[in-house]
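Working notes, structure below.
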Amino acid sequence: MPSAALHDFISYIASEKGLAPNTVISYQTDIEAFIKHTNKPLKDCSEDDITSFLSKKRKAQASTSTVARNLVSIKVFFRFLKREDYIDKDITLLMATPKLWQLIPEVLTPDEINRLLAAPDTQSKIGARDHAILETLYATGSRVSEVCGLNITDVGTEAIRVLGKGFKERLVPIGVPALRAIDHYLLHHRGDDNKALFLSKKNQRIDRQAIWRRIKFYAKQAGIQKPISPHTLRHSFATHLLENGADLRIIQEMLGHASVATTDRYTHISKDRLHSAFDAFHPRS
């Protein structure tokens, strides 16, 4: 059955979907590799088969983009198989699991996080600022644009007020190390009345590009070989919480991922539960 199903699928994406020849070849290569890996009928495949295939790719040093493409190919293929009645159910529909999530983005280990956070010279103005930025990114899982937009008044004793996508405001718990880093920066290296929390060398609100450059700089100092960006800290925040047993719904709330569909699926998380989950599970709470 796999050869017939794959042949029909390739014909479908090439003719009906009109995909470019190179794209069709990529799909075919990905799916043939998956079929070879599982060595079982497609109707008997499970989520674990897909996860183990992607994990094998990662261990073989495949890039993040390649593993992500592999997953997309498999998802499209199984959707086709279900629609054409080759299989009874599409096993990829529930693939947004913590175990799979860790395979796709680059994630820093706790040791790498500690080395990165220890890299800035906190006795200098720029180093103190950068240390506070790094701590805030990892402590809250905020997007870099959200951290750039923070004002001094957004920082509370237990949480920060974040303005997310669609101008949606949320409160995110923040741990003691991050608060201490922010306090140190404000008390010892800020003397102006600018409302922005983090300032550039020219005393303007810092921008995303500046934070991206500083993270690259400190990653090199810390001896981190992985590709790294501000979003890496967001992925690491979520993954480390998951690895320590936090509920995915709580992380969803912290990250501000609540679309209409997400709101339908996930229950409301109270602020008390957010704080207790953060204290219990975040490595630097």
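The values are calculated or read from the model by the stated rules, or taken from the named source; none is laboratory data. These figures come from a predicted structure and were not determined experimentally. All Cβ positions, glycine included, derive from the backbone under ideal geometry; neighbour counts span all protein chains shown.
What number of residues within segment 58-82 satisfy the criterion of being free of Cβ contacts under 8 Å to residues at least 40 places away in the same chain and farther than 19 Å from Phe9 by Cα?
From segment 58-82, those free of Cβ contacts under 8 Å to residues at least 40 places away in the same chain are 59-63, 65-68, 71-72, 75, 78-79, 82; that's our starting set.
Checking which are farther than 19 Å from Phe9 by Cα leaves us with 59-63, 65-68.
Adding up the residues that qualify gives 9.
From Ala238, Ala246, Ala219, Ala181, which residue is at pLDDT below 85, buried (at least 19 other Cβ atoms within 10 Å of the Cβ), among the aliphatic types (A, V, I, L, M) and within 23 Å of Ala119 (Cβ to Cβ)?
Just a single option satisfies the conditions, and that option is Ala238.
What are the pairs, 6+ residues apart or on separate chains, where a residue within segment 170-183 that is under 15 Å from Gly127 (Cα atoms) has its Cβ under 7 Å from a residue that is of a type outside the set (Gly, Ala, Ser)?
Hits for this filter: Ala178/Glu135; Ala178/Thr136; Ala181/His131; Ala181/Glu135; Ile182/Thr136; Ile182/Val155.
Would you check which residues across segment 7-22 are surrounded by 15 or more Cβ atoms within 10 Å (Cβ to Cβ) and either farther than 20 Å from Asp85 by Cα or free of Cβ contacts under 8 Å to residues at least 40 places away in the same chain (or both) and list them?
Passing the criteria: Ile10, Ala14, Leu19.
Within segment 146-165, can you find the residues that are touching a Ser or Thr at 6+ places or on another chain (Cβ under 6 Å) and at pLDDT 95 or above?
Listed by number, the list holds a single entry, Val147.
Each row is one residue, and each column tells you yes or no for (1) of a type in the set (Gly, Ala, Ser); (2) more than 16 Å from Arg214 (Cβ to Cβ); (3) surrounded by fewer than 22 Cβ atoms within 10 Å (Cβ to Cβ).
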{"site": "Glu112", "(1), (2), (3)": "no, yes, yes"}
{"site": "Lys125", "(1), (2), (3)": "no, no, yes"}
{"site": "Thr140", "(1), (2), (3)": "no, yes, no"}
{"site": "Arg161", "(1), (2), (3)": "no, yes, yes"}
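Just wondering, is there one or more residues in segment 44-52 that are in contact with a His (Cβ under 8 Å, 6 or more places away or on another chain) and either surrounded by fewer than 17 Cβ atoms within 10 Å (Cβ to Cβ) or in a helix (DSSP H, G or I) (or both)?
Scanning segment 44-52 turns up at least one residue that is in contact with a His (Cβ under 8 Å, 6 or more places away or on another chain) and either surrounded by fewer than 17 Cβ atoms within 10 Å (Cβ to Cβ) or in a helix (DSSP H, G or I) (or both).
If you check Ser3, Ser55, Ser15, which single one turns out to be in a helix (DSSP H, G or I) and either at pLDDT 85 or above or under 26 Å from Phe237 (Cβ atoms) (or both)?
Of Ser3, Ser55, Ser15, the one residue that is in a helix (DSSP H, G or I) and either at pLDDT 85 or above or under 26 Å from Phe237 (Cβ atoms) (or both) is Ser55.
Restricting to segment 183-214, give me the number of residues that are closer than 16 Å to Val144 by Cβ and assigned to a helix (DSSP H, G or I).
The number of residues fulfilling the criteria is 7.
Looking at segment 146-169 only, could you name the residues that are under 21 Å from Asp207 (Cα atoms) and in a strand (DSSP E or B)?
Asn151, Val155, Ile160, Arg161, Val162, Leu163, Glu169
Quick grid of which residues meet (1) within 14 Å of Gly256 (Cβ to Cβ); (2) over 20 Å from the mean Cα position of the chain (by Cα); (3) charged (D, E, K, R):
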{"site": "Gly141", "(1), (2), (3)": "yes, no, no"}
{"site": "Gly175", "(1), (2), (3)": "no, no, no"}
{"site": "His188", "(1), (2), (3)": "no, yes, no"}
{"site": "Lys202", "(1), (2), (3)": "no, yes, yes"}
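Tell me which of these Ala62 doesn't satisfy, since it passes every other one: (1) closer than 25 Å to Pro227 by Cβ; (2) in a helix (DSSP H, G or I).
The one condition Ala62 does not meet is (2).
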